[in-house]
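So the structure is just underneath, and the comments pick up after that.
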Amino acid sequence: MTPTVALVDVYPMSFSIAEAFAAAGATLVRVQSTPEVPTVYRRPPELELFAANIVHDGDLGRSSGRLAELGVDYVLPGGETGVELADALAEALGLPGNGTALSAARRDKAVQQAAVRAAGLPVVEQLVITGEAELLAWCRGRSGRVVVKPIRSAGNDGVAVCRTADEAVAAYRAIIGRRNIFGVANDAALVQDYLAGPEFAVNTVSSRGLHEVTDSWRYAKMSVNGVVDRHCAASSVPAIQSGPLADYVFAVLDALGIGYGPTHAEVVVTADGPRLVELGARICGASAAYYAEQIGAANQLTRTVAAYLNPEGFLRERGRRRPRGHAAMAFLTAPSAGRLVGYPLLDQVRELASFHRVHIGVQPGEDLPKTVDDATEPLMIGLVHEDPEVLAADLRAVNYLDGHGFYRLAG
């Protein structure tokens with residue numbers, strides 16, 4: 001029997017999850033959690049892959065009833081904004097899922113850290129703030145840097161690393177009352193202690209309460225365009241199926257009630273051990289699954305399909321894939337805004353030994369924003385090579401070339 005899968009909030013940035021289920025022969029239904037398309041997605045998705053498109057109007061009974069009529073077998077989020085509605089729909093229909101008891105902890109960064117702490121795991125110190133006075137009082141008790149960020153956003157939107165209380169207040173003012181990248185007004189912000197140490201992205205898939213690390217990456221960072229610790233690259237590391245980092249991530253998944261589906265966790269390994277930055281209960285973006293596939297690691301997309309459509313097979317193969325090569329994703333940083341004419345140094349990048357592919361977000365002739373977060377990245381360079389030293393040298397070359405000379409602007 002052909003399974004029917006409902007994906008909540010599939011937009012162009014996460015369309016790969018729909019393509020993966022379609023390739024496995026599933027019938028697809030798209031659910032849109034809000035009538036309006038969030039501004040970060042810029043345009044609505046193409047609907048050719050979907051047998052139906054349901055726009056949720058706030059009535060859970062109506063939306064779940066429509067899915068029941070369509071014979072939906074599974075419901076999961078297609079993107080960050082779809083997490084809570086996917087939980088609610090799966091629960092209402094009695095389908096495999098993570099339930100609603102901890103849904104807020106899978107979307108709200110403050111609630112998330114509190115849930116992880118309640119499970120007995122070490123976490124970063126934090127405070128939800130709704131006014132400048134409490135922020136200043138909290139900062140006066142700190143000797144190091146702090147991080148101020150929105151509670152329910154993503155893609156490094158509004159995240160600021162602050163050295164002083166004045167910088168923290170300025171970051172708070174830039175967040176509060178503003179709409180985040182998903183179009184939701186920020187009525188509070190989160191302040192946390194700065195976590196010092198290497199930061200890793202750990203991508204997982206779960207089925208029936210058992211977890212697998214599919215692929216993992218170490219971030220490179222730089223301070224540029226007024227942004228401290230901007231992620232400028234992610235380099236593959238062997239998928240970590242055991243050890244302190246994997247144990248910590250799996251314990252976080254349990255603390256957040258995640259027994260099904262993909263997640264994208266960001267963790268800093270401090271001198272005192274791993275500490276969660278945040279976790280998204282959905283697939284990782286940035287073509288990570290594609291590059292994991294290129295080096296022989298597990299593909300988070302196909303593993304997610306297996307976790308739902310073939311759970312026995314998923315559990316048999318869990319943790320068996322090991323990378324054979326090395327990959328890196330370089331996230332380029334435009335130093336200024338303007339009308340883009342072209343990328344004059346891109347041919348030099350293409351000549352690198354490990355060059356694999358370029359993913360262009362801003363085409364010549366379009367407006368180029370100054371890069372301050374993930375949503376304003378102009379392009380990504382994918383590198384793949386069997387020799388890690390060649391890959392590392394080429395990544396340094398890309399970082400060197402990226403700058404004012406890399407972008408030709410009109411005028």
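Peptides 300-309, 369-378 ranked from most to least packed, by the mean per-residue count of other Cβ atoms within 10 Å: 300-309, 369-378. Per residue, the convex hull spanned by the alpha carbons of segment 236-335 comes to 131 Å³.
Sorted largest first, the spans of the alpha carbon positions of segment 342-411 along the three principal axes are 40, 22, 17 Å. Packing order of peptides 354-365, 110-121, highest average first: 110-121, 354-365 (average count of other Cβ atoms within 10 Å over each peptide's residues).
Counted residue by residue at 0.36 nm each, then reduced by the alpha carbon distance between them, the extension gain from D166 to Y400 reaches 81.0 nm. Here the relative contact order of segment 168-308, from alpha carbon pairs under 8 Å that lie six or more residues apart, stands at 25 percent. Surface composition of segment 230-274: carbon plus sulfur atoms hold 58% of the accessible area, using a 1.4 angstrom probe and ignoring ligands, DNA and RNA.
Per DSSP H run of n ≥ 4, the term is -39500 (n - 2.57); total these for the chain, divide by its residue number, and report the mean residue ellipticity at 222 nm rounded to 500 deg cm²/dmol.
Working: 12 runs with 115 residues, N = 411.
Computed ellipticity for the chain at 222 nm equals -8000 deg cm²/dmol.
Taking all pairs of different Cα atoms in segment 279-331, averaging 1/r and flipping that mean, what Kirkwood radius in angstroms comes out? Let's see the in-between values first.
Working: mean 1/r = 0.0832 Å⁻¹.
Here the Kirkwood hydrodynamic radius works out to 12.0 Å.
Shown for segment 29-182: the carbon plus sulfur share of the solvent-accessible area, taken with all protein chains present and a 1.4 angstrom probe, equals 52%. Rolling a 1.4 angstrom probe over segment 297-411 with all protein chains present gives an accessible area of which 48% lies on carbon and sulfur atoms. Amide H contacts of V341 (H built 1.01 Å from N, in plane; Pro and chain starts excluded): G365, R408, L409, A410 sit under 5 Å, all sequence-distant by 5 or more or on other chains.
Taking all protein chains into account, the per residue accessible area for the chain stands at 42 Å² (1.4 Å probe).
Protection proxy ranking, highest mean first, for peptides 390-400, 139-149: 390-400, 139-149, where packing is the per-residue count of other beta-carbon atoms within 10 Å, averaged.
Taking 21 Å as the straight-line reach from the Cα of K370, the lysines in range (excluding those fewer than 8 positions away in the same chain) are K149, K221. Karplus-derived 3J(HN,Hα) values for segment 49-59, using 6.51 cos²θ - 1.76 cosθ + 1.60 with θ = phi - 60°, are 6, 9, 6, 7, 10, 10, 9, 6, 9, x, 9 Hz; glycine and proline are entered as x.
With the charge dipole of the chain set up from +1 on Lys and Arg Cβ and -1 on Asp and Glu Cβ about the Cα centre, the Cα lying farthest toward the positive end among the listed residues T100, A392, P378 is that of A392.
The values are calculated or read from the model by the stated rules, or taken from the named source; none is laboratory data. Keep in mind that what you see is a predicted model, and the values were worked out from it rather than measured. Cβ coordinates were reconstructed from backbone atoms using ideal geometry, including for glycine residues, and neighbour counts include every protein chain displayed. Ligands, DNA and RNA are stripped out before the accessible areas are found, and what is left, the full protein with its side chains, is counted by its heavy atoms. Shrake-Rupley method; radii C 1.70, N 1.55, O 1.52, S 1.80 Å.
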